[in-house]
Amino acid sequence: MSTANLQQGDRVSFVDDVGGGVVLRSGRPGHVIVRTDDGFELEQPVQQLVLVPESARAAHMRLSEHQLGMVRANDEMAERRKKRTAARPGKTPKKQEDNSVAEVDLHLHEILENEGRMSDGEKLEFQVRYFERALESAIRDGKRKLIVIHGVGEGVLREEVRKMLQYYDGVQFHDADMRRYGSGATEVVILRHR
């Protein structure tokens, strides 16, 4: 099958990059939207993709330790979020949240079960990748804002987050509301949606 005949659900590999994904839908002429193995949706030129034959798909579906860690971290974060939002007897219910605003807390204890075996560089990389996935998700879900809680510390994570934001078209960022978040958060305004 030639790459020009890619269909929704086809498993593909990247010609000039490591990894692959699954074709979600058509994009611009000569392009398709691919959900990568890391969970990102990317528009790729068809000629830069190779269809993975049915017989080789099992080998392509194996996840690396890094990918398994990312999936685990997402699951743990979802569980914590569920516990925090569960109604407590005798408490006044929280005010209805604004569904157009997403929030991501990059403190390691919020996104990792055990960071003891990771070097400082690995921790920072994990936090930055986690932030990138949260930003892509907010854009994809049509959110108008993303609050990034990075903490104060030495400012390394804050600078990495803001450095990455400079490469995104259609976003603006500034310090988040000091009364609510202190000086350890950045507010990302998403100007246009994909």
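Per-structure values
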{"quantity": "Table column - 3J(HN,Hα) (Hz), the range 117-125, Karplus curve with 6.51, -1.76, 1.60, x for Gly and Pro", "calculated": "8, 9, 6, 4, x, 5, 4, 4, 4"}
{"quantity": "Evaluated at q = 0.12, 0.16, 0.26, 0.27 Å⁻¹: base-10 log I(q)/I(0), Debye formula over Cα of the range 112-194", "calculated": "-0.36, -0.63, -1.33, -1.38"}
{"quantity": "Karplus (6.51, -1.76, 1.60) ³J(HN,Hα), θ = phi - 60°, over the range 37-46, in Hz, Gly and Pro reported as x", "calculated": "5, 8, x, 8, 9, 10, 8, 10, x, 4"}
{"quantity": "Protection proxy ranking, peptides 103-112, 25-34, 161-170, average beta carbon neighbours within 10 Å, highest first", "calculated": "103-112, 25-34, 161-170"}
{"quantity": "Gyration tensor over alpha-carbon atoms, the range 3-60, equivalent ellipsoid semi-axes in Å", "calculated": "16, 12, 10"}
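Coordinate-derived values only; no laboratory data. In this text the structure is predicted, and so the values were computed from the model without any measurement. Cβ coordinates were reconstructed from backbone atoms using ideal geometry, including for glycine residues, and neighbour counts include every protein chain displayed.
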